[in-house]
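This report concerns only the one structure given below.
Readers should treat all values here as calculations from the given coordinates under stated rules, not as data from a laboratory. Note that the structure is a prediction, hence the values are computed from the model and not measured.
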């Protein structure tokens, strides 16, 4: 996808990171609907729990489990969209919207991984709690933080509707 964005930016004479910033708020709705699809399909369920909103999934065994797909839909879809959409409408440096997306997505995904069932072929990678999903969040968090904090000079205004 980034290659397509790069090609578009190049052909239209726009800066790559400005286009990525424009697209960033459009990604969380796709994440939301993807997680709702995971929930409807009864896949990627959470770890067993005794919480009152726990659910039994058809292929999840006889144990009530966290509906982690709904947690992710709420965080990676609704909360991430709201934060990135709000931030994209403010005066900010180029790349900051993408940086905020990366940081928040990584934090939300890392947090939900604590209540998700790890991939059966991988299990926990270290410490009895670290999953592959959490490991993969670390570089995204780092790049997002770098995009947010790097010195870019003057701030860019939000793109106009025209």
Check: How large is log10 I(q)/I(0) at q = 0.27, 0.29, 0.30 Å⁻¹ when the Debye formula is applied to the Cα atoms of region 1-56, each weighted equally and without solvent?
Finding: -1.03, -1.08, -1.11
Margin query: Using helices alone, I'd like the mean residue ellipticity at 222 nm for the chain: each DSSP H run of four-plus residues gives -39500 (n - 2.57), total over residue count, nearest 500.
Written below: -16000 deg cm²/dmol
Next item on the list: Using only alpha carbon pairs under 8 Å that are at least six residues apart, calculate the relative contact order of region 21-149 and give it in whole percent.
Entry: 27
Check: Which residue, 146, 85, 129, has the most motion in a Gaussian network model of the chain that connects Cα atoms within less than 10 Å?
Finding: 129
Check: Build a GNM of the chain with springs between Cα atoms under 10 Å: which of 109, 11, 35 gets the top mean-square fluctuation?
Finding: 11
Notebook entry, point to check: Expressed in nm to one decimal, what extension gain is obtained for the pair residue 56 and residue 36 from 0.36 nm per residue of sequence separation less their Cα-Cα distance?
Noted result: 5.6 nm
Margin query: If I stretch the segment between residue 135 and residue 43 completely, what's the gain in nm (0.36 nm per residue apart, minus their alpha carbon distance), one decimal?
Written below: 31.0 nm
Note to self: Considering only C-alpha atoms, what is the centroid distance from region 1-52 to region 116-143, in Å?
What the structure shows: 19
Check: Of the residues 130, 70, 147, which exhibits the maximal mean-square fluctuation in a Gaussian network model of the chain defined by a 10 Å Cα contact cut-off?
Finding: 130
